[in-house]
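The values are calculated or read from the model by the stated rules, or taken from the named source; none is laboratory data. What you see is a predicted model; the values in this text were computed from it and never measured. So basically every Cβ, Gly included, is an ideal-geometry build from the backbone, and we count neighbours across all protein chains shown.
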Amino acid sequence: MPSLFDPVAIGDIDCPNRIVMAPLTRGRADKDGVHSDLAVEYYRQRASAGLIITEATGISREGLGWPYAPGLWSEAQVEGWKPVTEAVHEAGGRIVAQLWHMGRLVHPDLGGGQPVSASATAGPHRLHTYEGKKDPVEARALSVDEIARVVEDYAHAARNAMAAGFDGVQIHGANGYLIDQFLRANERDDEYGGDIEGRVRFLRDVCDGVVSAVGGGRTGIRLSPIGEVNGCDFPEPEKLFVAAARALEEVGVSWLEMREPGDSSSFVEAEHERVSPAMRKVFSGAMGLNSDLGADSGQALLDQGICDFIAFGRPFISNPDLVRRFREDAPLNDWDVKSFYSRGAEGYIDYPTLEEVEA
């Protein structure tokens, strides 16, 4: 079986190792969703990852409900991302943009109007705004015509990502956001709801649109098949997500990364055994797993043959040279939760590398 340090093809992207940097929201863009030089240094520092998946990045003002998160719907945003991709490539890395629509988890105070979702529902938690968290607002159900418009928003953002120099894109279909709302918080009775085929239809349409825009070899997706997240859950996850994996195979998505907790997790309760082995039987692309994993537990999953790469989140926040630290079995820096979403350089680009510690 391969090790974490062996190369792997993730779609059309040849990666030097199987240690992927998971998407990590950090809140360092401006109110227009444009990145600064801080992000250039942050991503450059982490270019030794086999592949960097960026923080979740809005496809439209309507879909972006996190203060100071970046976007990819405007020319200014594209220009803000270009120095990031250039820096990562100059450092020998690979980087893809994660495309995000938060659906019912967007508060109107962020400027996108009434939130939209699969159904006229509200999320279970208070929502982020620039003034702090506020009570959720009931979303309106997207019409079939509006669904076509949102699919084009995904495709437009994917084309912008390629114009910004990314190696590809990852569609965010997990964690209770819009695609997951169609999958697991869906009360519709039309062709986009009801049975499993209807629940999967929006995911299929989005993936088909993005694949048509940038190619299947440059398109991946993130899913969270087990455990309730932001009010999204489904009683038969294996049936639903095997159908989703089959749809991904049919439209030509080339890689899949999943937040799939094991026996214990800081993310969600593990209420169901992993469904990735069943999904792997119908999906031929590269598959990666992510959730509270370390070097040893990640390697153990590779050894079981149920995935091709491992995505690490918070360890990459505090250890820009995580690949070297894993390879040398070196101690890891602790992360500082208070600076996860703060606005400055502290806790963002000032974690020391091994080289700096040893100097």
Search segment 220-243 for residues being touching a Pro at 6+ places or on another chain (Cβ under 8 Å) and in contact (Cβ under 8 Å) with a residue 60 or more places away in the chain, and hand back the single one that is surrounded by the most Cβ atoms within 10 Å (Cβ to Cβ). Arg222
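Farther than 23 Å from Gly285 by Cα and surrounded by 20 or more Cβ atoms within 10 Å (Cβ to Cβ): is that true of Val40 in this structure?
Yes: the conditions hold for Val40.
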Consider Glu228 against the criteria (1) modelled with pLDDT of 95 or more; (2) out of contact with any Gly (no Cβ under 6 Å at 6 or more places or on another chain): it satisfies all of them except one. Which criterion is unmet? (1)
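State yes or no: is Gly93 closer than 24 Å to Ala9 by Cβ and touching a residue at least 24 places away in the same chain (Cβ under 8 Å)?
Numbers: closer than 24 Å to Ala9 by Cβ: yes; touching a residue at least 24 places away in the same chain (Cβ under 8 Å): yes.
Judged against the criteria, Gly93 is a match.
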Please go through segment 192-226 and pick out each residue that is assigned to a loop (DSSP other than H, G, I, E, B), within 17 Å of the chain's Cα centre (by Cα) and not aliphatic (A, V, I, L, M). Ser224, Pro225
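Each row is one residue, and each column tells you yes or no for (1) of a type in the set (Ser, Thr, Tyr); (2) more than 30 Å from Ala247 (Cβ to Cβ); (3) touching a helix residue (DSSP H, G or I) at 6+ places or on another chain (Cβ under 7 Å).
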residue: Ser276; (1), (2), (3): yes, no, no
residue: Asp296; (1), (2), (3): no, yes, no
residue: Asn319; (1), (2), (3): no, yes, yes
residue: Leu332; (1), (2), (3): no, yes, yes
residue: Glu358; (1), (2), (3): no, yes, no
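Can you say whether Trp81 is aromatic (Phe, Trp, Tyr), touching a Ser or Thr at 6+ places or on another chain (Cβ under 7 Å) and at pLDDT 95 or above, as far as the supplied structure shows?
No.
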Test: Leu183 is buried (at least 22 other Cβ atoms within 10 Å of the Cβ), hydrophobic (A, V, I, L, M, F, W, C), touching a His at 6+ places or on another chain (Cβ under 7 Å) and modelled with pLDDT of 95 or more: no
